[in-house]
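The values are calculated or read from the model by the stated rules, or taken from the named source; none is laboratory data. These figures come from a predicted structure and were not determined experimentally. Cβ placement follows ideal geometry from the backbone for every residue including glycine, while neighbour counts extend to all protein chains displayed. For accessibility, only protein heavy atoms count, side chains too; no ligands or nucleic acids. Shrake-Rupley method; radii C 1.70, N 1.55, O 1.52, S 1.80 Å.
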There are 2 protein chains.
Amino acid sequence: MRDAFHEDLDRVSDQLVEMTRLASSAMSRATTALLDADITLAESVIENDAHIDQLREELDMLAIQLLARQQPVATDLRIVVTAMRMSSDIERMGDLARHVAKVARLRFPHSAVPADIRAIILQMGQVAERIVEKAGSIIAAKDAAAARTLEKEDDAMDDLHRELFVKLSDDWQHGTEAAVDITLVGRYYERFADHAVSVARRVVFLVTGEWEPESVTDHEEAEDSSR
Amino acid sequence: MRDAFHEDLDRVSDQLVEMTRLASSAMSRATTALLDADITLAESVIENDAHIDQLREELDMLAIQLLARQQPVATDLRIVVTAMRMSSDIERMGDLARHVAKVARLRFPHSAVPADIRAIILQMGQVAERIVEKAGSIIAAKDAAAARTLEKEDDAMDDLHRELFVKLSDDWQHGTEAAVDITLVGRYYERFADHAVSVARRVVFLVTGEWEPESVTDHEEAEDSSR
């Protein structure tokens with residue numbers, strides 16, 4: 001029979017999964033709003049981000065109560081701290097979707113995305129959606145093996161981000177304002193994916209007790225080409 | 001005689017102050033590296049960021065041990081959770097300084113900052129330094145009143161950020177690559193200041209027990225003009 005602590009942890013886990021669902025929906029809708037200059041959709045993403053923030057507050061409260069009631073041992077405390085870091089990552093993902101939606105809103109009635117950039121942005125949106133949905137499955141299933149495959153999706157996002165920077169060279173024909181928009185939007189998608197990977201790596205930690213730092217060199221190289 | 005819990009909290013507080021010192025140093029040096037195309041300085045900022053990350057890990061460990069040993073009541077738990085959020089904010093500030101340094105490194109031997117943009121960047125660096133030093137003092141003194149004045153510094157940063165966006169219009173003469181660099185750098189400074197304000201607001205919460213949400217409208221308006 002599962003003890004009360006582990007039942008409470010299941011509630012925490014469920015809340016994290018729910019947050020990933022909301023972050024996924026937010027980023028999908030933000031991408032659509034951006035590509036289609038859909039201001040109503042953009043506004044709804046911007047408004048609904050408060051819901052993800054609220055869930056994070058509730059999760060921290062759950063965690064606090066867990067620690068107060070159960071008098072857990074050190075390992076259990078680490079689990080709770082890790083869950084709180086995960087909720088922080090997912091909340092940040094929601095914020096990034098909101099930032100994408102704000103770019104969409106800012107440029108309405110035009111799309112902020114030049115025609116020859118649409119394909120990259122669409123793909124970034126698709127990778128973002130895949131990566132956060134996988135993160136949610138990984139949390140729900142406590143699947144450390146699947147967590148490791150998420151890094152490949154992140155590599156896909158880094159590749160797209162690099163493609164974007166190639167376009168954002170001095171051959172760019174769409175004006176500075178569009179370059180500014182696309183620079184920021186590209187960064188929002190890239191950071192979204194990074195946070196999803198961070199969430200998945202914490203699941204690995206929870207399941208195995210081991211923190212597997214990404215190769216610093218690889219990530220720095222990816223970062224270097226994308227600032 | 002102060003109980004053991006409050007002595008441990010003092011250690012947590014001292015660690016947070018130390019982290020703000022490092023973040024302040026990092027951003028000052030990153031700003032200098034950026035303006036002076038100083039690659040050695042840039043490299044040192046990039047390397048030393050790991051130290052701030054390490055302090056954050058240690059702080060979370062301190063917090064965990066605190067909760068395990070002291071069997072604190074709910075209020076005490078909220079304090080510990082809040083301290084952990086503050087360390088997360090300050091770690092992020094260190095990351096942002098590292099991102100500024102990476103832009104500096106990327107464009108070496110040139111400065112990434114066009115001549116007519118130097119004044120704004122210099123000022124952003126100065127505001128950033130002031131704001132994080134104030135945040136450190138506020139933590140050390142548990143000074144809720146001073147925390148409220150920090151928002152003015154953040155307003156100063158938002159104003160500079162808006163100035164930058166005015167320059168980053170279609171009159172921009174420095175090429176797309178420089179526009180991309182300055183867009184990102186501007187955002188790093190602006191987020192640095194936001195995190196410092198967040199840290200200060202948490203001190204208000206710790207001291208007064210009240211969370212004073214910023215006016216959403218004001219911040220959204222500032223964000224809208226800066227994406």
TODO: May I ask for the distance between the Cα centers of the range A:113-127 and the range B:1-30, given as a whole number of Å?
DONE: 43
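As an exercise, use a Förster radius of 60 Å and the Cβ-Cβ distance of residue B:145 and residue B:50 to find the FRET efficiency, rounded to the nearest 0.05.
So, using R0 = 60 Å, E works out to roughly 0.95.
Using only Cα atoms, what Kirkwood radius does the range A:13-68 have, in angstroms?
12.3 Å is the Kirkwood radius here.
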Task: Equivalent ellipsoid, the protein assembly as shown (semi-axes from 5 times Cα gyration tensor eigenvalues, Å) - done: 34, 27, 20
TODO: Calculate, in whole percent, how much of the Cα-Cα pair population of chain B lies beyond 29 Å.
DONE: 31
Task: Shielding by partners - mean other protein chain Cβ count within 10 Å, residues of B:58-65 - done: 3
Task: Using a 7 Å Cα-to-Cβ projection, residue B:211 label spacings across copies, nm, ascending - done: 2.5
Task: Accessible area (Å², 1.4 Å probe, nearest 10) - residue A:58 - done: 80
Open item on the list: If R₀ is 25 angstrom, what is the calculated FRET efficiency for the pair residue B:108 and residue B:166, using the beta carbon separation as r and rounding to 0.05?
Closed with: 0.35
TODO: Return the calculated 222 nm mean residue ellipticity for the protein assembly as shown, to the nearest 500 deg cm²/dmol, obtained by summing -39500 (n - 2.57) across DSSP H runs with n ≥ 4 and dividing by the residue count.
DONE: -30000 deg cm²/dmol
Open item on the list: Taking 8 Å as the Cα distance limit and 6 or more residues as the minimum spacing, I'd like the relative contact order of chain B as a percentage.
Closed with: 27
TODO: Return the carbon/sulfur percentage of the accessible area of chain B, one whole number, probe 1.4 Å, all protein chains in place.
DONE: 50
Open item on the list: Full-extension gain between residue B:122 and residue B:11, please, as 0.36 nm times their residue separation minus the C-alpha to C-alpha distance.
Closed with: 36.5 nm
Task: Copies compared at residue A:146 - label distances in nm, ascending, label defined 7 Å from Cα in the Cβ direction - done: 4.9
Open item on the list: Of the candidates B:73, B:127, B:203, which one comes out as most mobile in a Gaussian network treatment of chain B with C-alpha springs shorter than 10 Å?
Closed with: B:73
- [ ] Between copies, how far apart are the residue B:115 label points? List them in nm, one decimal, shortest first, with each point 7 Å from Cα toward Cβ, please?
- [x] 3.9
- [ ] Among B:203, B:128, A:161, pick out the residue whose Cα is farthest towards the positive end of the charge dipole of the protein assembly as shown, where Lys and Arg carry +1 and Asp and Glu carry -1 on C-beta, about the Cα centre.
- [x] B:203
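Might you report the magnitude of the Cβ-based charge dipole of the range A:43-196 about its Cα centre, with Lys and Arg at +1 and Asp and Glu at -1, to the nearest 20 debye?
Once rounded to the nearest 20, the dipole reads 280 debye.
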Open item on the list: Let me confirm one metric for peptide B:76-82, namely the mean number of other chain beta-carbon atoms within 10 Å of its residues' beta-carbons.
Closed with: 4
TODO: Just order B:99-111, A:146-158 by mean Cβ neighbour count inside 10 Å, highest at the front, would you?
DONE: B:99-111, A:146-158
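If you take each beta carbon of peptide B:171-182 and count the beta carbons of other chains within 10 angstrom, what is the mean?
Taking all residues of B:171-182 together, the mean is 6.
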Task: When each of A:152/B:167; A:167/B:152; A:102/A:167 is checked by Cα-Cα distance, pairs over 28 Å - done: A:152/B:167; A:167/B:152
- [ ] Please find, in a Gaussian network model of chain B (springs between Cα atoms separated by less than 10 Å), the residue of B:47, B:18, B:57 whose mean-square fluctuation is greatest.
- [x] B:47
